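**Q** Quick one: this structure, given as C-alpha cells, is what I'll be asking you about.
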Amino acid sequence: MLRVGTRGSALALAQAGLVCEALQQHGIDHEVVVVETAGDRRAPDTPWGEGAFVAAIERALLEDRVDLAVHSAKDVPTEEDPRLRICAYLPREEPRDALVLAGSARPTIGRTGLAALPPGALIGTDSPRRTGFLRAHRPDLEVRPLHGNVDTRLRRLDEGRVDALILAAAGLIRLGRADRIGERIPEDIVPPAPGQGAIAIQTRANDTDSSEKVAALDDLPTRRAVEAERTLLRATGGGCRAPIGALASLDGAEMSIVAGFATIDGRASGIEQLSGSPDAATELARELARRLIARRSRFADRGRVLITRRGDGAQRLVARLAEHGIAGIVVPSIEIEILIDDGRLDGLFASPGYEWAVATSANGARAVSQAVARHGSRPSVARWAAVGSVTARELRVAGIAEVWQPGRANAASLAEELPVERAERVLLIRGSLADDELPTRLSARGAEVDEVVVYRTIEAPDSSRAFLSEALENGPIDAVIYASPSAVRGFLGLADRLGRRADVSTLPVLSIGPRTSEAVRSAGLTIAGEAATPDATAVAELTAELLAGDL
C-alpha cells in the first residue's frame, strides 16, 4: 500500500486523484495522506515564497509518513534535496497561462483575449513572471497583486476587485473550470513557468521499491520537456518565483524551447527560441540560458553593484537584481573551509549530552550535513535552532525536520528568545571568526554553553583580487552589498591589496542585517540601507529603492 502525500487544497487533491487513477490502472494499491504546508497556513489572500507548498510534503516523505509526494512541477524548487528524486511525471496538461475575464472587461470590437482589454484594465496575479511579461506586452494595463487559491481569485474577480485574471490553464482544467478560460496566452507573449501543467511524483532516493513501482507512470516526453525547462531556470539563477518563463515541446525527433525574461516593471524583456535533438536537451537549455543572461545584462542600465558573497546565495541575488534592471557583480571577499571535527559534533550522533544544538550560519549547517553523510543517520540532539531561514533550510537538508528560529534573523534575537532552561546544555556550531555575544548572553541566562568550530573563514582571498580589479575597470560601481562582518573586512582587505581603498570607501553600502551594519560603521563607512531580512528578494528590492533615489 503506497501512501500518497498531497496538500489538502481542491487543486492539489484533484492532482493527487490523477496520480491515484494512474496507480489504479497499474494495479498498485494506494491511499491518500493529506499534509498541511506552510502555504496552506497562510491567509488565502497573502503571498507565498519558493517552496512554500513543497517543504512540508518533502519532510513527510523523508520521515516515512508518506511514500510518494505529489507536486505541481512548477512549484518544486530548483535546488532539490539529494535524498529525494522525481521518479515520474504524469502526461502534461495544457502548459500555458490563461486569461480569465470578468463581465466588466468589455472587449474591443474585432479583438479577443489580451488584445481586447481596454487601457487601464485591472489584471490580478500573484506571479512576478506574469506581471513582468504582461507589463512588457501591454504597459497600458494595471497589474495588481491578487493572492490565494483558484477559487479565492475567481471570487475576487466576480466581486469586481479586478477586470481579469491570469492563471495556469492546467489548474482551471483540472478543477473543471475550463469554461472560465478566455484565452490561452501564447508562449511568445507570456512564457509559462518551467514545469507548468506537469505533475511531479517524488519518492525517497533510497526507496527502490516505491520508485520502481511509480516509474511505470513516467511519461518520457513530459520528463524531457520539464527537465529541459528546469535546467534553463537553474542556469539563469532563477527559482520558481522568478520572472523567467520557458516551454519545451517535442515534435517527432526535434525539441523546441521558447524562453524569456522580464523585469517586474516590464521595462525590459526578451524572448529566445532554440530547436534541436531531444538528446541534446540539456545543452539546448544551457545555451538558451546563456542567451537570456546576455540579453538581460544589456538591459541592466539601472546600475552596477558589487556582491561580496559567493555560491548559490550570490547567484540568487544576481537573478533578483536583474529583475530590477540592476547588474550584480560577484566579488567573493571571503572563502569558507570546512574543518575536520574535533569530536563534539560527531559525538552528537552517539551520546549527545546537549539539550540544544544551535547552528549560527548556513556554513555551520553544511558541516552538520557532512557529519550526517559520514554517519548515515541524524544527530540525536533533542532540539535544534538556527539563526535564520537559510540556515534552517540547510539543517532540514541534513534531515533535521524541526528547527526553531528567532523572530529576527540575528544572534541577539536568538540569545534573547531561545526557549532554553537554566542549566541546560547548549552546543553552538560556529565559524572561526564568531564573536562572544551569543555564548555570553546565553550563559547569562543560566545555560551551559559549549562551542565547536566547524569552518574557517578566510578573508580577502587571493583568488578574488582579479574579480575586484576587473569590476572596477569595467565601469562605475553604484553600491556594495555586504553579507557579513567578515565580508566587510575581506572586501576592504582586497581593496587595500589593490591600492583601491579610496575607490570603494565612498560607495553607498547596503547591509543584510544589524551585525553587518555594525561592522560597516566600525570600518568608517556609511550605510545607505539595511535589509529587513537577509533573503535575496528583500536585498534586491532595497537596492532598487536606493538606486532609484527612494532611500
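Just so you know, all these numbers are worked out from the coordinates, no wet-lab data involved. This structure is a prediction, so every number in the text was calculated from the model and none was measured. Cβ atoms come from the backbone with ideal geometry, glycine included; neighbour counts cover every protein chain shown.
**Q** With N residues in segment 166-229, what two-decimal value do you get for its Cα radius of gyration over 2.2 N^0.38 Å?
**A** In units of the globular-protein estimate, segment 166-229 measures up at 1.42.
**Q** What number, in percent, do you get for the relative contact order of the chain if the mean sequence gap of Cα pairs under 8 Å and at least 6 apart is divided by its residue count?
**A** The normalised contact order for the chain reaches 11 percent.
**Q** How much net charge surrounds Glu470 when only the other residues with a Cβ under 13 Å from the Cβ of Glu470 are counted, with Lys and Arg +1 and Asp and Glu -1?
**A** Local charge sum for Glu470: +2.
**Q** Counting DSSP beta bridges with both partners in the chain, what percentage is antiparallel, nearest 5?
**A** Once the DSSP bridges in the chain are tallied, antiparallel ones form about 45 percent.
**Q** Please compute the Kirkwood hydrodynamic radius over segment 450-494, one decimal place, Å, based on all pairs of different Cα atoms.
**A** Here the Kirkwood hydrodynamic radius works out to 12.3 Å.
**Q** With a ≥ b ≥ c taken as the square roots of the eigenvalues of the C-alpha gyration tensor of segment 97-184, please select rounded if a/c is under 1.5 and otherwise prolate if a/b is larger than b/c or oblate if it is not?
**A** rounded
**Q** Would you calculate, for the chain, the mean residue ellipticity at 222 nm contributed by helices, counting each DSSP H stretch of 4 or more residues as -39,500 (n - 2.57) and dividing by all residues, to the nearest 500?
**A** Value at 222 nm, helices only: -10500 deg cm²/dmol.
**Q** For segment 263-321 and segment 464-539, what is the centre-to-centre distance using only Cα atoms, to the nearest Å?
**A** Here the answer is 24 Å between Cα centres.
**Q** Continuing with this model, one more query. Let a ≥ b ≥ c be the square roots of the eigenvalues of the Cα gyration tensor of the chain; is it rounded (a/c under 1.5), or, if not, prolate (a/b larger than b/c) or oblate?
**A** oblate
**Q** Under the classification rounded if a/c is under 1.5, otherwise prolate if a/b is larger than b/c and oblate if not, where does segment 392-551 fall, given a ≥ b ≥ c as square roots of the Cα gyration tensor eigenvalues?
**A** prolate
**Q** Note down the nm distance, to one decimal, between modelled labels 7 Å out along Cα→Cβ at Gln24 and at Ala401.
**A** Here the answer is 2.9 nm between the modelled labels.
**Q** Oh, and also: If I model a spin label at Ala205 and Glu63 as a point 7 Å from the Cα along the Cα→Cβ vector, what separation in nanometres do I get?
**A** It works out to 2.2 nm between the two label points.
**Q** Ok, one more. Considering only DSSP beta bridges whose two residues both sit in segment 107-259, what percent are antiparallel, to the nearest 5?
**A** About 50 percent, rounded to the nearest 5.
**Q** Can you quote the Å³ per residue value for the convex hull of the Cα atoms in segment 337-458, rounded to an integer?
**A** Residue-normalised Cα hull volume stands at 91 Å³.
**Q** Further, regarding this structure: How far apart, in nm, are the 7 Å Cα→Cβ label points at Ala216 and Arg521?
**A** Going from the Ala216 label point to the Arg521 one covers 6.6 nm.
**Q** A further question follows. How many percent of all Cα-Cα pairs in segment 228-294 sit more than 19 Å apart?
**A** Above the 19 Å cut-off, segment 228-294 has 26 percent of its Cα pairs.
**Q** If you take every DSSP beta bridge whose two residues both sit in segment 97-184, what share of them, in percent to the nearest 5, is antiparallel?
**A** Among the beta bridges of segment 97-184, antiparallel pairing accounts for roughly 55 percent.
**Q** Another question, if that's okay. Given the C-alpha centroids of segment 357-405 and segment 111-161, what is the distance between them in whole angstrom?
**A** Measuring centre to centre over Cα atoms gives 41 Å.
**Q** State log₁₀ I(q)/I(0) for segment 415-469 at q = 0.13, 0.14 Å⁻¹ as given by the Debye formula over alpha-carbon point scatterers of equal weight, solvent excluded.
**A** -0.45, -0.50
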